[in-house]
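The values are calculated or read from the model by the stated rules, or taken from the named source; none is laboratory data. Just so we're clear, the structure is a prediction, and the values are computed from it rather than from any experiment. Every residue, glycine among them, receives a Cβ derived from its backbone with ideal geometry; neighbour counts consider all protein chains shown. Accessible surface is based on the protein model in full, side chains and every heavy atom, while ligands, DNA and RNA are left aside. Shrake-Rupley method; radii C 1.70, N 1.55, O 1.52, S 1.80 Å.
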Amino acid sequence: MSVTVRVPAKVNVQLAVGAARPDGFHDLANVFLAVGLYDEVTVTPAEELRVTCEGPDAGQVPLDETNLAARAAIALARRAGIEPAVHLHIAKDIPVAGGMAGGSADGAGALLACETLWNTGATREELLDICAELGSDVPFSLVGGAALGVGRGERLTPLEVGGTFHWVFAMAERGLSTPAVFREFDRLTAGRDIPEPTASDDVLDALAKGDPDALAAAATNDLQPAALSLYPDLTATLAAGRSAGALTALVSGSGPTTAFLVRDAASADEVAEALRASGTCRSVRVASGAAPGATAI
Ligand code: C5P
């Protein structure tokens, strides 16, 4: 018997970053929106823990116990007092090291798949706790939809979404490391007074109304200057999407994927075509949200 779980990517429609904490993490007000680009994690009983991966970026995915899917299986098995004797196969469609929570998606997907296979009796709360131990964005990958994440981003409040938001995503030539982007944020803001991160009422209202113009006007990403500092070529990608008619252009999370909010599906196709023709990115995808969280299929 095997179980397959489908898990969405995310885009941050607001990412407010506070000062570095004593533990090195940053307090965030992180407004997540799940979008319809998916990884699928399939778990099958096996002699011992093994991870395989397929997809365009599969070569960049670690297959050892640093993989978040492997860590999720190990964490759940340990809690249940059993061996994590499974083969985890990841069909990867979310860009790797792209700022779209691809690794987090695999962690949440493996966790739900293993729980479905093993039936350890873990509650939703317990699964969310394991997710939070795995990484700041992993709980959101489990719940999907839209949510405000505070603390490291792991303490979630679900948000209302009043309509479909259409996006275009441009994948960059290379990845960016999330810790490196946060370190660059620290360097760029050194000596400055950094306010407490708080969710923007304008962002939450725009989501609730399903209003893309209002969301475009309100969306912000405090990590964007750091991502652009480490990857200056992204400026040209952002400009290409804006001049093609995107309502707004943002770095997605810690980047380097860039995200373009557009008014409707037709506009998404136009902006995607213009970005492809611009030569400023590796590939381009269209997706809309909110998308559901990790789901067994
Ligand atoms: O939690 P996660 O493993 O995804 O975080 C990866 C890295 O990103 C952390 O080690 C830290 O450097 C940085 N980070 C941070 N503040 C957060 C989330 C992540 O500094 N709230």
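Remarks
- Contact map, segment 20-40: first residue more than 14 Å from the ligand (Cβ to nearest atom), second residue among the basic types (Lys, Arg) and assigned to a loop (DSSP other than H, G, I, E, B), Cβ cut-off under 8 Å, separation 6 or more or different chains; pairs are Asp39/Lys92.
Residue by residue, here is whether (1) open to solvent by less than 50 Å² (accessible area, probe 1.4 Å); (2) touching a Pro at 6+ places or on another chain (Cβ under 8 Å); (3) under 14 Å from Phe165 (Cβ atoms) holds:
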position	(1), (2), (3)
Ala180	yes, no, no
Glu184	yes, no, no
Thr189	yes, no, no
Ala218	yes, no, yes
Asn221	yes, no, no
Gln224	yes, no, no
Val262	yes, yes, yes
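- All positions within segment 77-108 that are more than 16 Å from the ligand (Cβ to nearest atom) and of a type in the set (Val, Ile, Thr): Ile82, Val86, Ile90
- Residue that is of a type in the set (Gly, Ala, Ser) and within 18 Å of Ala217 (Cβ to Cβ), where the choices are Ala246, Ala296, Ala274: Ala246
- Residue that is most open to solvent (accessible area, probe 1.4 Å), among those in segment 200-214 that are closer than 16 Å to Ser267 by Cα and part of a helix (DSSP H, G or I): Asp213
- Filter result for Gly175 (more than 13 Å from the ligand (Cβ to nearest atom) and assigned to a loop (DSSP other than H, G, I, E, B)): yes
- Just so you know, in segment 1-46 the residues that are within 22 Å of Ala249 (Cα to Cα) and of a type in the set (Gly, Ala, Ser) include one that is surrounded by the most Cβ atoms within 10 Å (Cβ to Cβ), and it is Ala9.
- Every test in (1) farther than 25 Å from Glu173 by Cβ; (2) assigned to a helix (DSSP H, G or I); (3) within 19 Å of the chain's Cα centre (by Cα) is passed by Ala227 save one, and that test is (1).
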